[in-house]
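The values are calculated or read from the model by the stated rules, or taken from the named source; none is laboratory data. This structure is a prediction, so every number in the text was calculated from the model and none was measured. No Cβ is skipped: glycine too gets one built from the backbone with ideal geometry, and neighbour counts run over all protein chains shown.
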Amino acid sequence: MSAAAPKPLLVVGAGIAGITAALEAAEAGQEVVLVEREPSVGGRVLLHHLYFPKLCPPSCGMEINVARLSRNPRVRVLTRSSVSAARRSGSGWSVTVRRGAQHVTEACTACGDCSRACPATVADPHNLGLGQVPAIRIPHVAAWPRRFALDRQACPPGCRACADACKVPGAIDLGARETDEQLEVGAVVVATGWDPYPVEKLPELGGGLLPDVVANVVLERLAAPEGPTGGKILRPSDGKPPRRVAFVQCAGSRDVSHLPYCSAVCCLASAKQALYVKEQIPDAEVAVYYIDRRAPGRGESMLSRAEAAGVRFVKGKVGRVRQGEGGALLLRLEDVDAGRIGDVEADLVVLATGMVPRGNGELPLPLPRDGDGFAIDDRAARVFAAGVARRPGDVAASVRDATGSAAKALGAARSV
């Protein structure tokens, strides 16, 4: 009697951690199903303008992974999909994957005729809602699969403009519906990633109230060439370049009323973004207000680069941000080194908000969580966490962690 074929490995989430785990397992000979709820893979890494330590665009690393995915027959990628149910089945899992309606099929050639004909627009999700895009479009310039995506709910009643404009038979199916697919898998890697802490929960810092108070993730999009301002860092209120930029560290982090933990990357991210500003607007006054400077490993070099470019690092806690006169913002600052409390002015305030683990309570898997909501491996259940689903970290740390998670899951999936 021949031995049964090993069950595939399920990876949930196709950001950098999920892609890494899937590829490492597949290149070791394991069949993998990679499930992603968005229409394309890549996750939050592709929302960055540049990432450290090399300050290169995310496409330079992601395109290598996309090439590996596209040519590896052991990885099956399911986009617009999510895990809707799961139960233990023998030594593995029986999983239901709900596949969203595939209104644009694999026949799509990404010619763009449909998008040019589309009369409807939606807030651009890739640019965090900054600006409008057609309801049918390529999700972003680095999207893979290279296929258009349709927000069907935005279509006017009875509209068929995109389908009528499409010259490729079968590429657009306006009548597509959700479907469920059953999978038997040997182990699961959860790589659901993170969300930024909502600035709306920080009204004392102007979050959600003052247009020129933005989150650090928003500044990444403002600096990106494919972003809503074409890569120009401009004040949202008037579209003008800021002359005084303040970075507020630990915005909602290390705070018992918000996030009690440190997200590990915020100091380096602010130093990097301060360099964005100085490179675009050399005479801008840029200050980083911090509680502690935390830059593990060789990260100190990023802080040194920022200081050499003229960025001021001020040890002090910003307690409040309010609207001043003439469009200025007033920051109430406790300047520790100067030993005083006073107001400082800025034209643009960037809140360094922390990382919140995504998917708490959403996955139908018995995934243990620590006190901060990050996932913990359940080896007995063959469920493993990867990347920022496990702990806050940068891209390189997420890749390393995902490689380890793939190794653990691979051993579990192949064990009897």
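Exactly one of (1) touching a Pro at 6+ places or on another chain (Cβ under 8 Å); (2) under 27 Å from Ala269 (Cβ atoms); (3) outside any helix (DSSP H, G or I) is unmet by Val45. Its number?
(3)
Which of the residues belonging to region 168-211 are acidic (Asp, Glu) and surrounded by 23 or more Cβ atoms within 10 Å (Cβ to Cβ)?
Keep residues of region 168-211 that are acidic (Asp, Glu), which gives 173, 178, 180-181, 184, 195, 200, 204.
Residues satisfying the conditions do not exist here.
Given (1) under 30 Å from Gly361 (Cβ atoms); (2) surrounded by 18 or more Cβ atoms within 10 Å (Cβ to Cβ), where does Cys118 come up short, assuming only one miss?
For Cys118, the exception is condition (1).
What are the pairs with Cβ atoms under 8 angstrom where one residue, in region 37-59, is surrounded by 19 or more Cβ atoms within 10 Å (Cβ to Cβ) and the other, located anywhere, is among the aromatic types (Phe, Trp, Tyr)? Sequence gap at least six, or different chains.
Filtered contacts from region 37-59: Ser40/Trp144; Val41/Trp144; Gly42/Trp144; Arg44/Trp194; Val45/Tyr51; His49/Tyr276; Pro58/Tyr51.
In region 318-343, how many are in a strand (DSSP E or B), more than 12 Å from Ala246 (Cα to Cα) and in contact with a Leu (Cβ under 8 Å, 6 or more places away or on another chain)?
Residues that pass the stated criteria total 7.
Here are some conditions: (1) within 21 Å of the chain's Cα centre (by Cα); (2) closer than 29 Å to Ala328 by Cα. Ala191 meets all but one. Which one does it not meet?
(2)
Could you list, in sequence order, all residues of region 257-290 that are within 23 Å of Pro357 (Cβ to Cβ) and surrounded by fewer than 16 Cβ atoms within 10 Å (Cβ to Cβ)?
Scanning region 257-290 gives Ser257, Pro260.
Six or more apart or on different chains, Cβ atoms under 7 Å: show the pairs whose first residue is in region 275-294 and assigned by TED's automatic domain parsing to the domain that holds Ala338 and under 21 Å from Ala338 (Cα atoms) and whose second is hydroxyl-bearing (Ser, Thr, Tyr) and modelled with pLDDT of 95 or more.
Within 7 Å, the pairs are Val288/Ser270.
Quick one: in region 121-144, of everything that is hydrophobic (A, V, I, L, M, F, W, C) and under 16 Å from Ala224 (Cα atoms), which residue is surrounded by the fewest Cβ atoms within 10 Å (Cβ to Cβ)?
Of region 121-144, the ones hydrophobic (A, V, I, L, M, F, W, C) are 122-123, 128, 130, 133, 135-136, 138, 141-144.
Right, trim to under 16 Å from Ala224 (Cα atoms) and you get 128, 130, 141-143.
Values: Leu128: 19, Leu130: 16, Val141: 11, Ala142: 20, Ala143: 22.
Among those that are hydrophobic (A, V, I, L, M, F, W, C) and under 16 Å from Ala224 (Cα atoms), it is Val141.
For Val218, state whether it is buried (at least 23 other Cβ atoms within 10 Å of the Cβ), in a strand (DSSP E or B) and touching a residue at least 24 places away in the same chain (Cβ under 8 Å). Break it down stepwise before answering.
Working: buried (at least 23 other Cβ atoms within 10 Å of the Cβ): yes; in a strand (DSSP E or B): no; touching a residue at least 24 places away in the same chain (Cβ under 8 Å): yes.
So Val218 does not fit the description; no.
Please specify each residue of region 146-167 satisfying the condition of being surrounded by fewer than 18 Cβ atoms within 10 Å (Cβ to Cβ) and either within 25 Å of the chain's Cα centre (by Cα) or closer than 25 Å to Ala85 by Cβ (or both).
Arg146, Arg152, Gln153, Ala154, listed by residue number.
To keep it simple, each residue is scored yes or no on (1) in contact with a His (Cβ under 6 Å, 6 or more places away or on another chain); (2) surrounded by 16 or more Cβ atoms within 10 Å (Cβ to Cβ); (3) hydrophobic (A, V, I, L, M, F, W, C).
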| residue | (1), (2), (3) |
| --- | --- |
| Met302 | no, yes, yes |
| Arg305 | no, yes, no |
| Phe313 | no, yes, yes |
| Val318 | no, yes, yes |
| Glu325 | no, no, no |
| Leu348 | no, yes, yes |
| Glu362 | no, no, no |
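So, Val77, is that one assigned by TED's automatic domain parsing to the domain that holds Gln182, surrounded by 15 or more Cβ atoms within 10 Å (Cβ to Cβ) and modelled with pLDDT of 95 or more or not? Spell out how you get there, then give the answer.
Values: assigned by TED's automatic domain parsing to the domain that holds Gln182: yes; surrounded by 15 or more Cβ atoms within 10 Å (Cβ to Cβ): yes; modelled with pLDDT of 95 or more: yes.
Judged against the criteria, Val77 is a match.
Count, please, the residues in region 350-360 that happen to be outside any strand (DSSP E or B), surrounded by 20 or more Cβ atoms within 10 Å (Cβ to Cβ) and either among the hydroxyl-bearing types (Ser, Thr, Tyr) or without any contact (Cβ under 8 Å) to a residue 60 or more places away in the chain (or both).
Residues flagged as outside any strand (DSSP E or B), surrounded by 20 or more Cβ atoms within 10 Å (Cβ to Cβ) and either among the hydroxyl-bearing types (Ser, Thr, Tyr) or without any contact (Cβ under 8 Å) to a residue 60 or more places away in the chain (or both) within region 350-360 amount to 0.
Scan region 370-416 residue by residue and report those that are among the polar types (S, T, N, Q) and closer than 19 Å to Val185 by Cβ. First the steps, then the outcome.
Start the filter on region 370-416 by keeping residues that are among the polar types (S, T, N, Q), which leaves 398, 403, 405, 415.
Listed by number, the residues that qualify are Ser405, Ser415.
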